[in-house]
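The structure appears below as structure tokens.
Here, each number is a calculation from the coordinates, and none is a lab measurement. Quick caveat, the model's predicted, so the values are computed rather than measured. Don't worry about glycine lacking a Cβ; one is built from the backbone with ideal geometry, like all the others, and counts go over all protein chains shown.
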Amino acid sequence: MLVLITYDVSTETPQGQKRLRQVAKICKNFGQRVQKSVFECLLDPLQLANIRFKLQVTINQEEDSLRIYHLGSNWRPRIEHMGINRPYDPEGPLIR
């Protein structure tokens, strides 16, 4: 299933800046960055549980916000792209 992960991490402190880097690194290990704080991830249920756990223990629940949108298996008609940067195909080749 395709999920969209978005986050807003408070970077007013050095700890917040560290959390931001950690959240981005976790997401990058599971998917493709499509905007600065937005990742598209093609995951199976175990991978989804894994990334959800890793993100939950990384963010500060009092200062940060994280959203996971479940686009499911029939995700292609649900995504519309406009503007710069070629759209990312999570089922396509990894190297262009």
If I stretch the segment between LYS25 and ASP44 completely, what's the gain in nm (0.36 nm per residue apart, minus their alpha carbon distance), one decimal? 4.9 nm
Expected sort for 39-47, 57-65 on mean C-beta neighbours within 10 Å, highest first, is 39-47, 57-65
Contact order normalised by length for region 2-73, with contacts defined as Cα pairs under 8 Å and 6 or more residues apart; what percent is it? 50
Could you pull out which residues in region 1-17 have an amide N less than 19 Å from a spot 7 Å beyond the Cα of GLN32, following the Cα-Cβ vector? 1-7
Using θ = phi - 60° and Karplus 6.51 cos²θ - 1.76 cosθ + 1.60, couplings along region 30-44 (whole Hz; Gly, Pro as x): 10, x, 10, 6, 10, 8, 3, 10, 9, 10, 9, 10, 8, 10, 8
Residue-by-residue Karplus 3J(HN,Hα) for region 4-10, coefficients 6.51, -1.76, 1.60, Hz, glycine and proline x: 10, 10, 10, 8, 9, 9, 5
